[in-house]
Amino acid sequence: MNDRFAFDPAAPLHLAQFMQSVGGRADDALERIRMVKSPWEIAKLARAGRYAAEGVNQLLRGVYDGVSVAEGFATGQQLLRRIIRDEPAFDPLCTRVLLAPWPAPLSAQPHAIPQLSQRLKNGPHVVISVVRLDGYTAECERTFFTRPPTASQRERFQLMSEARRLAMSMLRPGAACAEIDEKVNDFLRDESFGDWRLRLHRCGHGLGLGNHEAPWLAQGSEDVLQAGMVVSIEPGIYLADEGGYRHSDTLAITDDGWSNLTGQAEVELDALIIAAAKPTQRMKGYFIRKMVAA
């Protein structure tokens, strides 16, 4: 065989080397096809998005000052049970839920893994809700506080929110993904957050069969938005000794703009300051922590 077939560039190294040795070549043709979703796929993503948004709401109803990460992860199991109940025809091999709080200051490390024993005290914390339902993935994330934020924390929260609004205002067919990221970075740079260590990642990415896929809303990307693409918008601000500020929603690009598949994009800070715990919440948390420690 001589260059007679193509394979996924993301294939494991040993498979890629073998396929190259027998005449194959790496090609991202499937990735390009996957970027634009059919109406059927967008309906699938919207269904996953509804559960992802409900996961955020469910976790925020259950957290309190001093809650453990283990209690947040237990909320994810509740959401999965709801999916099993409400979606009896779901595919269990292609369905999973990641729902948990990232406590400050670890929330400044977006891809770190919190320990189950960690407690949420001074914010900003970030709840991450990623739902893969029948193979299609949506995400919803919110920054929240379990203690009243300081004036400077409120300011940083508002800057993150303004960066999101700027990015969303540019979402339409024909928009260059790199330009969206560049404009957001310019805005944050003008607000004294120009150091990449305070931002850490791109403005957004595609969602579909994967939870990170093209199109990439990042500097250097050659992707151009088209109707039918589905992306996240999640510019962040990160301070290592304080925590992270990041919201994320799953958005479908439409002929005239975008549609939010994970609910309400604008969330005021005061709605994300959690009230004191009820006695039943603390009792439930006690038993969850005992189970984890056993």
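Quick check on my filter: what residues within region 121-145 are crowded, with 24+ Cβ neighbours inside 10 Å, at pLDDT 95 or above and assigned to a loop (DSSP other than H, G, I, E, B)?
Scanning region 121-145 gives a single hit, PRO124.
Filter region 178-204 down to residues that are at pLDDT below 95 and either assigned to a loop (DSSP other than H, G, I, E, B) or touching a Cys at 6+ places or on another chain (Cβ under 6 Å) (or both), then give me how many there are.
Total meeting the criteria: 9.
Can you pull out the residues in region 146-180 that are surrounded by fewer than 18 Cβ atoms within 10 Å (Cβ to Cβ), closer than 30 Å to GLY66 by Cβ and small (Gly, Ala, Ser)?
ALA151, SER152
May I ask you to verify whether ASP249 is assigned to a strand (DSSP E or B), within 28 Å of GLY66 (Cα to Cα) and of a type in the set (Asp, Glu)?
Values: assigned to a strand (DSSP E or B): yes; within 28 Å of GLY66 (Cα to Cα): yes; of a type in the set (Asp, Glu): yes.
Here the answer is yes, as ASP249 does meet what is asked.
Every residue in region 166-184 that is under 19 Å from the mean Cα position of the chain (by Cα) and in contact (Cβ under 8 Å) with a residue 24 or more places away in the chain, please.
ALA167, MET168, LEU171, CYS177, ILE180, ASP181, VAL184 - these are the residues of region 166-184 that are under 19 Å from the mean Cα position of the chain (by Cα) and in contact (Cβ under 8 Å) with a residue 24 or more places away in the chain.
List the helices (runs of 4 or more DSSP H) inside region 1-99, counting only whole elements, that have at least 2 residues being within 27 Å of VAL126 (Cβ to Cβ). Let's see the steps before the verdict.
Details: elements: 13-21, 29-35, 39-62, 69-86.
Correct list: 39-62, 69-86.
From the residues in region 205-220 that are surrounded by 20 or more Cβ atoms within 10 Å (Cβ to Cβ) and part of a loop (DSSP other than H, G, I, E, B), which one is farthest from the chain's Cα centre (by Cα)?
Among them, the one singled out is GLY208.
The values are calculated or read from the model by the stated rules, or taken from the named source; none is laboratory data. Because the structure is a prediction, the values reported are computed rather than measured. Because the Cβ atoms are built from the backbone with ideal geometry, glycine has one as well, and the counts that use them run over all protein chains shown.
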